[in-house]
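Trainee: Have a look at this one.
The values are calculated or read from the model by the stated rules, or taken from the named source; none is laboratory data. Owing to the predicted nature of the structure, the values given are computational and were not obtained by experimental measurement. Cβ coordinates were reconstructed from backbone atoms using ideal geometry, including for glycine residues, and neighbour counts include every protein chain displayed. The accessibility values were calculated without ligands, DNA or RNA, using every heavy atom of the protein model including side chains. Shrake-Rupley method; radii C 1.70, N 1.55, O 1.52, S 1.80 Å.
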Amino acid sequence: MTVTTHPVLGTPLHGPWPAGMEQAIFGMGCFWGVERIFWEIDGVYSTAAGYAGGSDPNPTYRAVCSGSTGHAEVVQVIYDPTKVSYEALLTAFWGNHDPTQGLRQGNDIGSQYRSIILTTTPQQQRIAEASRDLAAPVIADSGMGSITTQIRPGTEFHYAEDEHQQYLHHHPGGYCNHGPQVYAGKLNIAALENRLGDLPVSWKA
C-alpha cells in the first residue's frame, strides 16, 4: 500500500500513532462498508482496510479471496479512548452486520467474510466477550440464530492494496451491505443497543 493519508480524516494511515491512541480490529464482511462505519464515529483517529486472522505473512486480495490464507477482510481502527470507548466501537460492530452467518456476510460467501473481533489487549478480550454474551440473547430472540463471531487475540494487521482503502469515499455509490438494514426488520436495533449499554465502560484490567 502506498497511500499515506486518510482522505476523510486527514490523518496518517500508518503508525507510529500519537500517544494514547489504541488499536481495534474488526471483520464484518466486505471491508469497504465496514471502514466507512468506523471513520464516521467521533473519536476515531484513523481507519484502514486490510487482512488479519490468518497465517500468510504477505497476503494479497487475490490470495485472501481464494481462502488459502486463513485471513479475513478486516478494518483497523485507531481511536482515542478519551473520546470514544471500545464499548462504543463494539456497539457499532454488533449493530451493523449479521454475526450469525458463519463464513459469509449476505451475498459475500467465503471464510474471508466471517465475523471476527481480533483483540489487541487482554482488556479488549474481556470486553468483547462480554459484549457477545449481552448481544446473543437479543439476536437469538429475533429468530436469527446463534452468534458465530470469532473473538481472539491478534494484533498483526496487513494493509490491503491502495484500491481498497477508503473505497466508499472514492466511490460513494459503491457496493456496501452494511448498516442496520442488514437485519431487515428482524432485529430491534434499539433493544440491542440498550442491552449493550450494560457493558462496563472503562472496564479496568
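Trainee: Among the residues of segment 72-95, count how many are in a loop (DSSP other than H, G, I, E, B) and surrounded by 22 or more Cβ atoms within 10 Å (Cβ to Cβ). Break it down into steps so the answer makes sense when it comes.
Mentor: We begin by selecting, within segment 72-95, every residue in a loop (DSSP other than H, G, I, E, B); these are 80-85.
Restricting the remaining residues to those that are surrounded by 22 or more Cβ atoms within 10 Å (Cβ to Cβ) gives none.
Looking only at that region, the number is 0.
Trainee: Sticking with this structure for a sec: Going through segment 122-171 one residue at a time, which ones are within 18 Å of the chain's Cα centre (by Cα) and polar (S, T, N, Q)?
Mentor: Across segment 122-171, the qualifying residues are Gln123, Gln124, Gln125, Ser131, Thr148, Thr149, Gln150, Thr155, Gln165, Gln166.
Trainee: Shifting gears a bit: Tell me, which residue of segment 25-67 that is assigned to a loop (DSSP other than H, G, I, E, B) and of a type in the set (A, V, I, L, M, F, W, C) is farthest from Cys176 (Cα to Cα)?
Mentor: Of all residues in segment 25-67, those assigned to a loop (DSSP other than H, G, I, E, B) come to 29-30, 40-43, 53-60, 67.
Filter once more, so that each one left must be of a type in the set (A, V, I, L, M, F, W, C): 30, 41.
Working: Cys30: 8, Ile41: 18 Å.
The qualifying residue farthest from Cys176 (Cα to Cα) is Ile41.
Trainee: Out of Ile116, Ile189, which single residue is of a type outside the set (Gly, Ala, Ser), under 18 Å from Gln76 (Cβ atoms) and either at pLDDT below 95 or under 13 Å from the mean Cα position of the chain (by Cα) (or both)?
Mentor: Numbers: Ile189 fails: under 18 Å from Gln76 (Cβ atoms).
None of the other options fit; the residue is Ile116.
Trainee: Does Ile109 satisfy the criteria of being within 30 Å of Asn58 (Cα to Cα), open to solvent by 20 Å² or more (accessible area, probe 1.4 Å) and either free of Cβ contacts under 8 Å to residues at least 12 places away in the same chain or out of contact with any helix residue (DSSP H, G or I) (no Cβ under 8 Å at 6 or more places or on another chain) (or both)?
Mentor: So Ile109 passes the test.
Trainee: May I pose another question? How many of the residues in segment 166-201 are of a type outside the set (S, T, N, Q), open to solvent by 80 Å² or more (accessible area, probe 1.4 Å), farther than 17 Å from Cys30 by Cβ and not in a loop (DSSP other than H, G, I, E, B)?
Mentor: 2
Trainee: So, one more: Based on this model, can you work out whether His158 counts as modelled with pLDDT of 85 or more and surrounded by 18 or more Cβ atoms within 10 Å (Cβ to Cβ)? Quick ask: steps written out before the conclusion?
Mentor: Working: modelled with pLDDT of 85 or more: yes; surrounded by 18 or more Cβ atoms within 10 Å (Cβ to Cβ): yes.
Here the answer is yes, as His158 does meet what is asked.
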